[in-house]
Amino acid sequence: MGATGGPLLELSGVRAAYDGITVLHGVDLEVGAGQVVALLGPNGAGKTTTLKAAAGVHPISGGRLLLGGRDVCGARAGELARAGVCLIPEGRGVFPNLSVRDNLWMMTFTGRTREEVEDAAYARFPVLGDRRAQAAGTLSGGEQQMLALARGLTTDPAVLLLDELSMGLAPLVVADLYERVADIAREGVAVLVVEQFAAAVLKIADRAAVLVRGRIPWQGHPDGSLHAELSSYYLGSAP
Amino acid sequence: MTSSPAPEPRAERFVRELAELKIPDPAVARAALWLRLGGVLMAVGLVLGAVAFPLAHGTDNSLAQGDALAVGLGGIAAAVVGAALFLRYSLTGFLRFWLARQSYDLELLGERLTTTPPTTSLPEGDPRNGVPRTDPAPR
Ligand SMILES: Nc1ncnc2c1ncn2[C@@H]1O[C@H](COP(=O)(O)OP(=O)(O)O)[C@@H](O)[C@H]1O
Ligand SMILES: [Mg+2]
């Protein structure tokens, strides 16, 4: 939990629309410092939109977005990012033609030196150190995701938003990545993870929420009952 | 994980920085824009109006003079519109304050009128309406 005891990230009845078509119909979520919350849902449920709304990248058309207990509706995404909200988008967003080192050096705009940025990244992900001169596009999927995480972490985030970290990765790689995410959360970061397929993230999640067609029909502790819930929502047999 | 005693300083800093964050109110931003537009129109209009004279004066061609007249009139129109915008958006802030002040004063007055005892308690026939005599000399 945050310094005030409240969650660092809180969405309350958040609605969002694209071109007047509402895709989020009142989403409630809370993530405290040091917590990992998994947001699960089928394709097109609005998971990415929820993350974009939480980062202030997509305007919300209803409800409230609270960061550190403050209602930040109308704040610029850049300011939120500077304060410590980090969104790692689907597809990782690394520059494929640049080397690992160059990708990291780009993050010196956060005010850190090249050495600091590199050292921090290699300490957390040693494999990146071995591949520092390699073009990012030639890294394996898991390594690219690590690079994306390393880049995000140079901003010293307090709230980390991860979109489909596991996409296109082998289960073992995903499990390894989520161990790193758990480490990050242990350092006091509030982590909201979006996933379509649940298994790996549920091992480290403190709470899970199911998002279906822009609503959250289930939220709670990720235990055995969740799997039954999930399959019913994914297969459409739930009310 | 929930059980970990998370090191709080980062979270604390986050909460503090967000508390200090200035979030622009879109309505205020729009009003400021109109205000600036009004100011610019007013200035441009005045300049155009002033420039029209040398334009008209510097030529014998009555067609060019007509154009200069049009420029001058356009300038005046712009200045009028700009002044209206400017006043509208600069006065609202002031008038809102003034109105609040006015209603506060009215309320105060009403309270005083309803709570002060009736003036009949003053000594009858005192020409000074009860104000104590400070002048020792008899009149
Ligand atoms: N840029 C966009 N313009 C219009 N509609 C969009 C846009 N992005 C997403 N949508 C729609 O919003 C809904 C939710 O999308 P999204 O949040 O990306 O879902 P998810 O990440 O859960 O797969 C979908 O129906 C999608 O078609
Ligand atoms: Mg998505």
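The values are calculated or read from the model by the stated rules, or taken from the named source; none is laboratory data. Here the structure is a predicted model, which means the values were calculated and not measured. Note that each Cβ is placed from the backbone with ideal geometry, even for glycine, and that neighbours are counted across all protein chains shown. In case anyone asks, the SASA skips ligands and DNA or RNA and just uses the protein heavy atoms, side chains included. Shrake-Rupley method; radii C 1.70, N 1.55, O 1.52, S 1.80 Å.
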Practice problem: Report, ordered by the first and then the second residue, all pairs with beta carbons closer than 8 Å, sequence separation of six or more or different chains, a first member in the range A:124-152 that is free of Cβ contacts under 8 Å to residues at least 24 places away in the same chain, and a second member that is of a type in the set (Lys, Arg). | Solution: A:143/A:131
Quiz item: What residue, of A:33, A:75, is open to solvent by less than 10 Å² (accessible area, probe 1.4 Å), assigned to a loop (DSSP other than H, G, I, E, B) and away from ligand 1 (no atom under 16 Å from the Cβ)?
Solution: A:33
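Can you tell me how many residues within the range A:230-239 are within 16 Å of ligand 1 (Cβ to nearest atom), surrounded by fewer than 20 Cβ atoms within 10 Å (Cβ to Cβ) and not small (Gly, Ala, Ser)?
The total comes to 1.
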Exercise. Please specify each residue of the range A:142-170 satisfying the condition of being in contact with a helix residue (DSSP H, G or I) (Cβ under 6 Å, 6 or more places away or on another chain) and farther than 19 Å from residue A:127 by Cα.
Key: A:155, A:158, A:161, A:163, A:168
Quiz item: If you go through the range A:61-76 one residue at a time, do you hit one that is within 13 Å of ligand 2 (Cβ to nearest atom), more than 8 Å from chain B (Cβ to nearest Cβ), touching a residue at least 24 places away in the same chain (Cβ under 8 Å) and not hydroxyl-bearing (Ser, Thr, Tyr)?
Solution: no
Quiz item: Checking residue B:66 against (1) within 14 Å of chain A (Cβ to nearest Cβ); (2) exposed (fewer than 14 other Cβ atoms within 10 Å of the Cβ), which single condition isn't satisfied?
Solution: (1)
Quiz item: Can you tell me how many residues in the range A:78-94 are assigned to a loop (DSSP other than H, G, I, E, B), at negative phi and within 16 Å of ligand 1 (Cβ to nearest atom)?
Solution: 2
Quiz prompt | Selection count where residues are more than 11 Å from ligand 1 (Cβ to nearest atom) and either closer than 13 Å to residue A:164 by Cα or away from every other protein chain (no Cβ under 14 Å) (or both), scope the range A:38-56 | solution = 1
